[in-house]
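Peer 1: Quick one: the structure is below, questions incoming.
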Amino acid sequence: MTAPATPTAPAAPTGALNLSRTTATAARVLRQLRHDPRTIALMILIPCVMLFLLRYVFDGNPRTFDNIGASLLGIFPLITMFLVTSIATLRERTSGTLERLLALPLGKGDLIAGYALAFGTLAIIQSALATGLAVWFLDLDVTGSPWLLLLVALLDALLGTALGLFVSAFASSEFQAVQFMPAVIFPQLLLCGLFTPRDAMHPALEAVSDVLPMSYAVDGMNEVLKHTDMTATFVRDILIVGGCALLVLALGAATLRRRTA
């Protein structure tokens, strides 16, 4: 008499991304965000409000707004997406939603790509609104194409999303997630070249700024501000920002582990 067959566990997903699983994850995250209007307002409207205030802070000297507005057009989306993504993902971890998802035959790559796709969709809307407001309503004077500004702003927002997904693994509360902002964002903000050219800094600080992705985000915006055509430096800058976003997403996927057997 043969022994009854032992039920087998679901097959683990393959390493390749599965489009249906990724889009299903993204759709679930977007459905949850739809019921949180304050988070949507923070992601989409706050960069526009900050740019609007900045324009009229320098109402008597519009040239100052032209000089720093392009840089901040990239920095504001990065900061807001970092905050919102880190807190939203932490909620998923602490509520047990992420734990339940990891128990399913769902690859880590599918999961992290789904989160990135959902927040990236909002990043596109955010970047488009902020760029349109700055260029066509606030009269930000740029030499290059506004579409290149939009490209850099979008990459910056995606980088903020990737950083938020990554740091959420190291926080146990929303307060701790916010605490990562001084550690992850503020040093980049000080060293990115917004307040003074990076080559005018102390050599040690300049060397540090050379490995921070926000530096290349600001450099890319400045290239659009000063040149009519796409330059080799601009291409280098956007490739570095995009590459950093992909690298941090991969690191974020590596932090996804079940906490229970």
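The values are calculated or read from the model by the stated rules, or taken from the named source; none is laboratory data. What you see is a predicted model, and the numbers here were worked out from it, not measured in a lab. A quick note on method: Cβ atoms are made from the backbone with ideal geometry, for glycine too, and the neighbour counts reach across all protein chains shown. To get the accessible areas, we keep the full protein, side chains included, count just its heavy atoms, and leave off ligands, DNA and RNA. Shrake-Rupley method; radii C 1.70, N 1.55, O 1.52, S 1.80 Å.
Peer 1: For the charge dipole of the chain, defined by +1 on Lys and Arg C-beta atoms and -1 on Asp and Glu C-beta atoms about the Cα centroid, which residue among PRO47, ALA200, ALA123 has the Cα displaced farthest towards the positive pole?
Peer 2: ALA123
Peer 1: From the C-alpha coordinates alone, can you work out the Kirkwood hydrodynamic radius of the chain, in Å?
Peer 2: Evaluated on the chain, it is 19.5 Å.
Peer 1: Rounded to the nearest 500 deg cm²/dmol, what is the calculated helix-only ellipticity per residue at 222 nm for the chain, with -39500 (n - 2.57) per DSSP H run of length n ≥ 4?
Peer 2: That comes out to -23000 deg cm²/dmol.
Peer 1: How would VAL248, VAL57 rank on accessible area, largest to smallest, probe 1.4 Å?
Peer 2: The residues order as VAL57, VAL248, largest area first.
Peer 1: Taking every pair of distinct Cα atoms and averaging 1/r, then inverting, what Kirkwood hydrodynamic radius in Å comes out for the stretch 69-184?
Peer 2: This gives a value of 15.1 Å.
Peer 1: Can you tell me the dipole magnitude for the stretch 77-169 around its Cα centre, using point charges on the Cβ only (Lys, Arg +1; Asp, Glu -1), in Debye to the nearest 20?
Peer 2: 380
Peer 1: Here's another thing I want to ask about it. Give the Kirkwood hydrodynamic radius (Å, one decimal) of the stretch 101-251, defined as one over the mean of 1/r across all pairs of different Cα atoms.
Peer 2: 16.8
Peer 1: Spelling out what I want: for every residue of the stretch 80-86, take phi, set θ = phi - 60°, compute 6.51 cos²θ - 1.76 cosθ + 1.60 (Karplus), and round to whole Hz; glycine and proline get x.
Peer 2: So the J values, rounded to whole Hz, are 5, 5, 4, 5, 5, 5, 5.
Peer 1: Have a look at LEU73, VAL184, LEU33 and report the one farthest towards the positive end of the charge dipole of the chain, computed about the Cα centre with Cβ charges (Lys/Arg +1, Asp/Glu -1).
Peer 2: Among LEU73, VAL184, LEU33, the one farthest towards the positive end of the dipole of the chain is LEU33.
Peer 1: Let me ask another. In whole angstrom, how long is each semi-axis of the equivalent ellipsoid of the stretch 24-111, when you take the square root of 5 times every eigenvalue of its Cα gyration tensor and sort them from largest down?
Peer 2: 37, 13, 9
Peer 1: Whenever you get a sec, line up THR25, THR94 from highest to lowest accessible area (probe 1.4 Å, protein heavy atoms).
Peer 2: So the residues, ranked largest to smallest area, are THR94, THR25.
Peer 1: Keeping the other protein chains in place, figure out the carbon and sulfur percent of the accessible area of the chain, with a 1.4 Å probe.
Peer 2: Carbon plus sulfur share of accessible area: 68 percent.
Peer 1: Then there's this: Work out from phi, with θ = phi - 60° and the Karplus expression 6.51 cos²θ - 1.76 cosθ + 1.60, the ³J(HN,Hα) of each residue of the stretch 159-175, listed in order in whole Hz, and give x for Gly and Pro.
Peer 2: 5, x, 4, 5, 5, x, 4, 5, 6, 4, 6, 10, 10, 10, 8, 5, 4
Peer 1: Please state the charge dipole magnitude for the chain, taken about the Cα centre, from unit charges on C-beta atoms (+1 on K and R, -1 on D and E), reported in debye and rounded to the nearest 20.
Peer 2: The calculation lands at about 1220 debye.
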